[in-house]
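Read through the structure below, which is laid out as structure tokens, and then see the notes.
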Amino acid sequence: MSPEHYFTAEPASDGELRRRTVHLAGRDLDVGTAGGVFSPDHLDAGTEVLLRHVPAPPRAGDLLDLGCGWGPVALSLALASPAARVWAVDVNERALDLTRRNAAAHGLAGVRAVRPEDVPDDVRFAAIWSNPPIRVGKETLHAMLRQWLRRLVPGGEAYLVVAKNLGSDSLLRWLGEELGGEADVDRVATSRGFRVLRVVAAG
């Protein structure tokens with residue numbers, strides 16, 4: 001997750017914040033967004049598809065939102081599993097700031113919005129949910145997924161949403177080849193031009 005592949009921004013000032021109401025985990029939430037992060041004006045269609053098709057997350061343990069943006073996936077995980085520790089990871093400081101603000105506004109104390117290098121090496125994830133940044137390029141994307149998917153606990157599940165026209169089927173094949181006997185990989189849903197891919201760690 002190299003910074004040069006992302007818009008780099010300082011945390012948003014109060015004057016730059018945009019207020020939005022979004023429906024997450026069965027609730028309407030008032031959230032703050034800002035320019036310079038992914039999909040600042042609405043809940044992205046791919047994220048919406050992901051959240052509609054994932055099962056309930058584990059109730060405890062460490063959960064990961066990989067590429068958190070302003071935080072819709074992390075907020076959904078924390079609302080569904082208040083006893084869990086939710087890691088919201090991004091390289092964009094403005095995105096992390098927004099996620100922290102949105103989590104705090106709704107009393108979601110389990111959310112930790114941090115840069116990738118600030119997640120302790122010994123943390124293993126019971127679940128990973130992600131709308132990954134496909135446009136960073138195949139090499140960077142593969143390196144990112146190789147790093148994080150191998151941190152699932154045995155039996156842990158990752159769900160990724162990818163647009164069909166941005167290579168979801170080729171990514172599915174690559175995941176199967178890359179993870180081999182380490183995980184089962186399949187497609188669990190197709191909706192609105194998006195695929196939801198699942199990775200289940202062996203064991």
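I'm trying to understand the selection: among the residues of region 71-118, which are part of a loop (DSSP other than H, G, I, E, B) and charged (D, E, K, R)?
First pass over region 71-118, keeping only residues part of a loop (DSSP other than H, G, I, E, B): 71, 81-84, 90-92, 106-110, 115.
Those that are part of a loop (DSSP other than H, G, I, E, B) and charged (D, E, K, R): D90, R115.
May I ask you to verify whether R124 is surrounded by fewer than 17 Cβ atoms within 10 Å (Cβ to Cβ), closer than 25 Å to R195 by Cα and over 15 Å from the mean Cα position of the chain (by Cα)?
Values: surrounded by fewer than 17 Cβ atoms within 10 Å (Cβ to Cβ): yes; closer than 25 Å to R195 by Cα: no; over 15 Å from the mean Cα position of the chain (by Cα): yes.
No; evaluated as a whole, the condition is false for this residue.
Does P116 satisfy the criteria of being in contact (Cβ under 8 Å) with a residue 60 or more places away in the chain, within 23 Å of V49 (Cβ to Cβ) and surrounded by fewer than 21 Cβ atoms within 10 Å (Cβ to Cβ)? I'd like the intermediate steps shown before the answer.
Values: in contact (Cβ under 8 Å) with a residue 60 or more places away in the chain: yes; within 23 Å of V49 (Cβ to Cβ): no; surrounded by fewer than 21 Cβ atoms within 10 Å (Cβ to Cβ): yes.
For P116, the condition - in contact (Cβ under 8 Å) with a residue 60 or more places away in the chain, within 23 Å of V49 (Cβ to Cβ) and surrounded by fewer than 21 Cβ atoms within 10 Å (Cβ to Cβ) - is not met.
Check off (1) in contact with a Leu (Cβ under 7 Å, 6 or more places away or on another chain); (2) in a loop (DSSP other than H, G, I, E, B); (3) polar (S, T, N, Q) for S39 and give me the number that stays unchecked.
Only one criterion is unmet by S39, namely (1).
Output the residues belonging to region 36-88 that are among the hydroxyl-bearing types (S, T, Y) and touching a helix residue (DSSP H, G or I) at 6+ places or on another chain (Cβ under 7 Å). First the steps, then the outcome.
Let us first name the residues in region 36-88 that are among the hydroxyl-bearing types (S, T, Y), namely 39, 47, 76, 81.
Within region 36-88, T47, S76 qualify.
Just the residues that are surrounded by fewer than 22 Cβ atoms within 10 Å (Cβ to Cβ) and touching a His at 6+ places or on another chain (Cβ under 8 Å), please, taken from region 157-188.
Matches in region 157-188: W174, E178, V188.
Yes/no per residue for (1) acidic (D, E); (2) assigned to a strand (DSSP E or B):
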position	(1), (2)
R20	no, yes
L29	no, yes
G32	no, yes
G35	no, no
E48	yes, no
D65	yes, yes
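Listed residues R94, R173; which is of a type in the set (K, R) and closer than 24 Å to R18 by Cα?
Details: R173 fails: closer than 24 Å to R18 by Cα.
Unique residue meeting the criteria: R94.
Answer yes if at least one residue in region 146-164 is part of a helix (DSSP H, G or I) and touching an Asp or Glu at 6+ places or on another chain (Cβ under 7 Å), and no otherwise. Steps first, please.
Applying the first criterion (part of a helix (DSSP H, G or I)) to region 146-164 yields 146-149, 164.
Imposing the further condition that a residue be touching an Asp or Glu at 6+ places or on another chain (Cβ under 7 Å) reduces the set to 146.
Yes: region 146-164 contains one or more residues that are part of a helix (DSSP H, G or I) and touching an Asp or Glu at 6+ places or on another chain (Cβ under 7 Å).
With respect to the numbered conditions (1) in a loop (DSSP other than H, G, I, E, B); (2) over 16 Å from the mean Cα position of the chain (by Cα); (3) under 20 Å from L172 (Cβ atoms), which one is the sole condition not fulfilled by P132?
So the condition that P132 fails would be (2).
Would you please name the residue that is modelled with the lowest pLDDT, looking only at residues in region 132-151 that are over 18 Å from E178 (Cα atoms) and in contact with a Phe, Trp or Tyr (Cβ under 8 Å, 6 or more places away or on another chain)?
Taking region 132-151 as the starting set, the residues that turn out to be over 18 Å from E178 (Cα atoms) are 133, 135-136.
In the following step, the residues that additionally are in contact with a Phe, Trp or Tyr (Cβ under 8 Å, 6 or more places away or on another chain) were identified as 133, 136.
Details: P133: 91, V136: 88.
Here the residue is V136.
For region 165-197, name all the residues that are part of a strand (DSSP E or B) and not acidic (D, E). Full working, then the answer.
Taking region 165-197 as the starting set, the residues that turn out to be part of a strand (DSSP E or B) are 183-191, 194-197.
If the condition is that a residue be part of a strand (DSSP E or B) and not acidic (D, E), then A183, V185, R187, V188, A189, T190, S191, F194, R195, V196, L197 are the ones that fit.
What number goes with the only condition from (1) under 26 Å from T140 (Cα atoms); (2) surrounded by fewer than 20 Cβ atoms within 10 Å (Cβ to Cβ); (3) at pLDDT 95 or above; (4) not aliphatic (A, V, I, L, M) that R59 does not pass?
For R59, the exception is condition (1).
For region 68-102, how many residues meet the condition of being among the small types (G, A, S) and buried (at least 24 other Cβ atoms within 10 Å of the Cβ)? Outline the logic, then answer.
Applying the first criterion (among the small types (G, A, S)) to region 68-102 yields 69, 71, 74, 76, 78, 80-81, 83-84, 88, 95.
Now narrow it down to the ones that are buried (at least 24 other Cβ atoms within 10 Å of the Cβ): 69, 71, 74, 76, 78, 88, 95.
Selection size over region 68-102: 7.
Kindly list, by first and then second residue, each pair from a residue in region 25-42 that is without any contact (Cβ under 8 Å) to a residue 40 or more places away in the chain and closer than 11 Å to R94 by Cβ to a residue that is polar (S, T, N, Q) and surrounded by 18 or more Cβ atoms within 10 Å (Cβ to Cβ), limited to pairs with Cβ atoms under 6 Å and residues at least 6 apart or on different chains.
As it stands, the answer is P40/T33, since those pairs meet every condition given.
The values are calculated or read from the model by the stated rules, or taken from the named source; none is laboratory data. Nothing here was measured: the structure is a model prediction, and the numbers come from that model. Cβ: placed from backbone, ideal geometry, glycine included. Neighbour counts: every protein chain shown.
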